[in-house]
Amino acid sequence: MQSKQVTVIDHPIVARDLSILRQSDTDTAGFRAAMGRIATILAYFSLKELPLREVTIQTPITKTRGYEIDTDIVVVPILRAGLSLVDAIINFIPDARVGHLGMYRDETTHEPVDYYSNLPGGLENAMTLVVDPMLATGGSADDAIGFLKKQGAKNIRFISLISAPEGLERITKKYPDVSIITAAVDEKLNDDAFIVPGLGDAGDRYFGTS
Ligand code: PRP
């Protein structure tokens, strides 16, 4: 799926690293390394439409035109797995502020359960990048985006590694103003609401808790 609202990244490094992440015999170190590389590519594409302002800069030879980023940026990882995508964005935007939303998915109902939130002020004027490697039913993303909008966020982008068609449909229908950047759209959800073929539980694999 490729639309104005959804960007699916097509890149050979992403294809190679997704394969490493999907393989069940990839160990924690290999998983983290592949996630780190893909996170950098996701961050790059997510920041493609950043507004710039022109400034005058001085080279050793002359004055010339230069650019600065013309917006505040807030990164919001959905805990825990979202933490795996934060550093890549901060590497590009060292002064980005980071808000945290803690939620896990109830294993029986598959509904998100909120347990923590800590957001910076000034969301009204910021570009807010919500990060979570897995968009499955879309329940967690729906909750997170709804909450951020209530807190005043206006310019929201959602960044995921792997998305299920079900989650994409839910978020694009409910929030037509939210862009989604993802590295893959998988086939479907299974009866446990896990993405198929997916990579299992991203948080457990990244943190070595499986
Ligand atoms: C996973 C994943 C998303 C959510 C996706 O989190 O990281 O947050 O489930 O599912 P959904 O789209 O159906 O809501 P998990 O509950 O495994 O928590 P964790 O990140 O702490 O491991």
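Per 10 Å bin, what is the whole-percent P(r) computed from every C-alpha pair distance within the range 110-183?
19, 56, 24, 1
What residues have an amide H closer than 5 Å to that of Val185, excluding those fewer than 5 places away on the same chain, when H is modeled at 1.01 Å from N in the peptide plane?
Hits under the 5 Å cutoff: Ser163.
Just Ser179, Ser163, Ser117 to compare: in a GNM of the chain, with alpha carbon springs under 10 Å, which one fluctuates most?
Residue with maximal mean-square fluctuation among Ser179, Ser163, Ser117: Ser117.
With θ set to phi - 60°, apply the Karplus curve 6.51 cos²θ - 1.76 cosθ + 1.60 along the range 91-99 and write out the HN-Hα couplings as whole Hz, x wherever there is a Gly or Pro.
After applying 6.51 cos²θ - 1.76 cosθ + 1.60, I find 4, 7, 10, x, 9, 4, 8, 10, x Hz.
Evaluate the Kirkwood expression for the hydrodynamic radius of the chain, namely the inverse of the mean inverse distance over all pairs of different C-alpha atoms, and round to one decimal in Å.
17.7 Å
In percent, how large is the relative contact order of the range 1-119, given Cα pairs closer than 8 Å and 6 or more residues apart?
Details: 140 pairs, mean separation 20.1, N = 119.
Normalised by residue count, the contact order of the range 1-119 is 17 percent.
For the range 104-118 and the range 131-210, what is the separation of their C-alpha centers, rounded to whole Å?
Centre-to-centre (Cα) distance: 13 Å.
Rounded to the nearest 0.05, what FRET efficiency do Glu169 and Thr40 have when you use their Cβ-Cβ distance and R0 = 30 Å? Write out the running numbers ahead of the final one.
Details: r = 28 Å, r/R0 = 0.93.
E between Glu169 and Thr40, to the nearest 0.05, is 0.60.
Return Arg16, Arg205, Arg97 ranked ascending by Cβ neighbour count within 10 Å, so the fewest neighbours appear first. Walk me through the numbers before you get to the answer.
Values: Arg16 12, Arg205 22, Arg97 18.
Fewest-to-most Cβ neighbours within 10 Å comes out as Arg16, Arg97, Arg205.
Using all alpha carbons of the range 37-96, what is the percent of pairwise distances in each 10 Å bin, ordered from the shortest bin to the longest?
Calculated over all Cα pairs of the range 37-96, the distribution is 20, 41, 25, 11, 3 percent.
Charges at C-beta only: +1 for Lys and Arg, -1 for Asp and Glu. How large is the resulting dipole of the chain about its Cα centre, in Debye rounded to 20? Display every interim value, and only then the final one.
Numbers: 21 positive and 28 negative charges, 158 e Å.
It works out to roughly 760 debye.
Only bridges with both residues in the range 42-148 count here: give the DSSP antiparallel percent, nearest 5.
Details: 13 of 23 bridges.
Roughly 55 percent of the beta bridges in the range 42-148 run antiparallel, per DSSP.
Could you derive backbone 3J(HN,Hα) for the range 68-78 from the dihedral phi with the Karplus parameters 6.51, -1.76 and 1.60 (θ = phi - 60°), listing whole Hz in sequence and x where the residue is Gly or Pro?
Per residue, the Karplus-derived 3J(HN,Hα) values read 10, 6, 9, 7, 6, 10, 10, 9, 10, x, 8 Hz.
So how compact is the range 1-100: Cα radius of gyration and Dmax in angstrom?
Taking only Cα atoms of the range 1-100, I get Rg and Dmax of 17.2, 56 Å.
Apply the Karplus parameterisation 6.51 cos²θ - 1.76 cosθ + 1.60, with θ equal to phi minus 60°, to every residue of the range 22-31 and state each ³J(HN,Hα) to the nearest whole Hz, in sequence, with x for glycine and proline.
Working through the residues one at a time gives 6, 5, 5, 8, 6, 7, 4, 5, x, 5 Hz.
Return the percentage of antiparallel bridges among DSSP beta bridges fully within the range 116-199, rounded to the nearest 5 %.
Numbers: 2 of 15 bridges.
Around 15 percent of the beta bridges assigned by DSSP in the range 116-199 are antiparallel ones.
Once Lys and Arg get +1 and Asp and Glu get -1 on their Cβ, which of Val185, Ala29, Tyr67 lies farthest toward the positive end of the dipole of the chain?
Projecting each Cα onto the dipole axis, the largest value belongs to Tyr67.
Name the long-range amide H neighbours of Asp72: under 5 Å, sequence gap of 5 or more, or other chain; modelled H, no Pro or chain starts.
Here Met127 satisfy the definition.
Taking amide H positions as placed 1.01 Å from N in the peptide plane, with prolines and chain starts having none, which residues 5 or more places from Val98, or on another chain, fall under 5 Å of its amide H?
Here the answer is Val75, since their amide H atoms fall under 5 Å of that of Val98.
Quick one: pull the percentage of alpha-carbon pairs in the range 1-54 with a separation above 14 Å. The partial results should precede the final answer.
On the way: 875 of 1431 pairs.
Value for the range 1-54: 61 percent of Cα pairs lie more than 14 Å apart.
Every number in this text was worked out from the coordinates using simple rules, so none of it is lab data. This structure is a prediction, so every number in the text was calculated from the model and none was measured. Don't worry about glycine lacking a Cβ; one is built from the backbone with ideal geometry, like all the others, and counts go over all protein chains shown.
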